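Below: the structure, in structure tokens.
What follows draws every value from the coordinates through simple rules; no lab data is involved. Keep in mind it's a predicted model, so treat the numbers as computed, not measured. Here the Cβ positions follow ideal geometry from the backbone for every residue, glycine too, while neighbour counts run over all protein chains shown.
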Amino acid sequence: MRNHTVRVHRSDEDLAREDQLAWKIAEVATDPVEVSPEVVDMVINRVIDNAAVAAASLARKPVVSARSQALAHPLPTAQLEELVSAVEHPQHGSTVFGEPQSVRVSPEWAAWANGVAVRELDFHDTFLAAEYSHPGDNIPPILAVAQHAGRTGHDLIRGIATGYEIQIDLAKAISLHAHKIDHVAHLGPSAAAGIGTLLGLDTETIFQAIGQALHTTTATRQSRKGAISSWKAHAPAFAGKMAVEAVDRAMRGETSPTPIYEGEDGVIAWLLDGPSASYEVPLPEAGEAKRAILDSYTKEHSAEYQAQAWIDLARKLHTEHPEVGDPERVESIVIHTSHHTHFVIGSGANDPQKYDPTASRETLDHSIPYIFTVALQDGGWHHVQSYLPSRAARPDTVALWGKVTTTEDPEWTRRYHSIDPAEKAFGGRVEITLADGRVITDEIAVADAHPLGARPFARADYVAKFRSLAAGVLEEAEIERFLDLAQRLPELTAEELGGLTITAPAGSLPAAPKGLF
């Protein structure tokens with residue numbers, strides 16, 4: 001890896017495009033280096049992971065809405081036959097999760113619908129460093145373009161490896177949340193770069209697409225503050241959709257604001273650390289394999305990633321000390337944790353909604369006091385049952401919930417930001433003071449499913465997660481068909497790649513709400 005110094009340049013400094021971060025990213029995207037076998041295996045795992053959480057969300061309202069919007073932008077069969085027969089740029093359309101494989105829509109709308117389905121339950125992979133990210137959000141737009149452009153499974157793997165590499169490298173170096181910018185501002189450029197790799201575009205075209213994608217996907221973090229709305233699931237899907245459109249425009253010769261990161265009126269100068277800022281962004285050297293996906297980790301539980309380890313610890317305490325789930329026997333519960341956990345999903349956020357039993361699912365998903373309380377009482381976590389309004393409103397839960405607070409511990413903050421994988425941690429220490437004066441303490445560094453956790457996720461776990469979440473949503477034959485296809489990803493032809501989707505039984509999905517389209 002090579003660190004690239006990125007700083008603001010005055011307009012009269014005339015920064016050469018070859019020295020701009022967007023160009024450096026585009027060079028990584030055009031590097032023909034092959035994908036290593038372990039990265040190929042992990043790409044397959046994450047394709048399965050995405051489809052699993054998408055299956056579980058197919059009937060949820062935001063997903064139904066997004067799917068209906070996509071279906072309003074079809075590529076008719078007659079048009080498809082004509083476009084596929086075109087020699088230079090055959091166009092096949094893209095599939096939509098839940099629909100038959102024969103239903104094809106324009107790729108940007110498939111990226112939108114499938115992106116919402118993947119993100120709705122907040123249940124897929126994560127990478128946390130200077131910035132937060134869900135790098136699996138790269139897969140829907142890259143897959144949509146792969147299907148539309150008639151690319152192979154091998155091509156798709158290369159594109160996904162690039163998407164993960166760029167998003168994770170940006171997240172390692174550039175904090176967005178410190179300036180209240182939503183983390184999907186790193187997703188637009190990474191998805192554009194991944195699509196560029198997939199299609200074999202030249203550096204100039206990818207450079208322009210990255211600039212456009214960043215320019216159109218920079219928004220505030222209010223989508224993850226206070227009363228969190230359904231837009232939380234739509235935000236990354238929007239970034240993916242914008243990336244597809246940015247690539248399309250760049251392929252037509254359209255250009256982007258330049259320099260997008262380093263300009264006097266650019267992103268760094270006015271949205272991030274300001275005119276005097278400087279970042280060291282790590283990117284692979286020419287010929288160096290893209291391995292960043294191996295630094296990411298998936299979720300065993302449907303909750304914000306910082307909650308994963310706490311659910312596992314609560315599950316353990318539920319078994320070892322069942323009295324901690326009884327509010328009459330508990331005086332207080334104090335979670336000592338990192339800055340992020342305390343201020344984003346803990347009591348340090350000062351969001352009263354995090355203690356509100358009538359709060360939205362999206363809000364409860366970002367409330368560690370709620371999540372820890374329910375996991376303590378239930379000894380586990382369920383992506384539906386744990387968020388039901390009746391579950392949140394249970395009197396003994398509300399009583400115990402109000403006794404849970406968080407506080408920042410400098411040591412856990414340091415470990416959270418450590419660049420040493422063996423030291424990096426997303427947990428903390430809990431002190432439970434009982435009414436009889438006893439104090440129960442315990443701690444956890446990483447979630448059980450983390451690569452360094454008690455039960456690291458492997459292929460069998462991803463497959464089991466898919467089977468579990470797809471059960472009752474997809475027919476058994478469809479579950480087996482998808483799993484077989486996904487695990488043969490490297491060898492899939494363009495025709496076979498069109499089947500890399502999931503189809504619900506006819507008539508099983510809710511009717512779409514009315515809209516403009």
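By average Cβ neighbour count within 10 Å, what is the ranking of 117-124, 433-440 from highest down?
The packing order, highest mean first, is 117-124, 433-440.
Could you order the peptides 16-28, 471-483 from most to least packed, using the average number of other C-beta atoms within 10 Å per residue?
On the way: 16-28: 20.3, 471-483: 15.5.
So the order, starting with the most tightly packed, is 16-28, 471-483.
Given the -39500 (n - 2.57) contribution per DSSP H run of 4+ residues, what per-residue ellipticity at 222 nm results for the chain, rounded to the nearest 500 deg cm²/dmol? Don't skip to the answer; put the middle values down first.
Working: 20 runs with 224 residues, N = 517.
Per the formula, -13000 deg cm²/dmol.
Hey, got the Cα dimensions of the chain along the principal axes, in Å, largest first?
Principal-axis extents of the Cα atoms in the chain, largest first: 78, 59, 44 Å.
What percent does the relative contact order of the chain come to when contacts are Cα pairs within less than 8 Å and at least six residues apart?
The value is 21 percent.
When you take every Cα atom in the range 306-444, what is the radius of gyration, and what is Dmax, the widest Cα pair distance, in Å?
Spelled out, the Cα radius of gyration and Dmax of the range 306-444 are 14.1, 43 Å.
Scale the Cα Rg of the range 249-389 by the rule-of-thumb value 2.2 N^0.38 Å and send over the ratio, two decimals.
It is 1.50.
Sorted by mean Cβ packing within 10 Å, highest first, what order do the peptides 267-273, 488-494 take?
Peptide ranking by packing, descending: 267-273, 488-494.
Please work out the Kirkwood hydrodynamic radius for the range 2-295, using every pair of different C-alpha atoms, and report it in angstroms with one decimal place.
On the way: mean 1/r = 0.0529 Å⁻¹.
After inverting the mean inverse Cα-Cα distance, the result is 18.9 Å.
If you take the Cα Rg of the range 88-204 and divide it by 2.2 N^0.38 Å, with N the number of residues, what do you get?
1.08
Would you list, by chain and number, the lysines whose Cα falls below 30 Å from the Cα of Lys354, excluding same-chain residues fewer than 8 positions away?
The reachable lysines, counting only those whose Cα sits under 30 Å from Lys354, are Lys61, Lys172, Lys180, Lys225, Lys232, Lys299, Lys316, Lys403, Lys424, Lys465.
Taking the Cα centre of the chain as origin, sum charge times position over the Cβ atoms of Lys and Arg (+1) and Asp and Glu (-1), and report the length of that vector in debye to the nearest 20.
Dipole magnitude for the chain comes out near 1240 debye.
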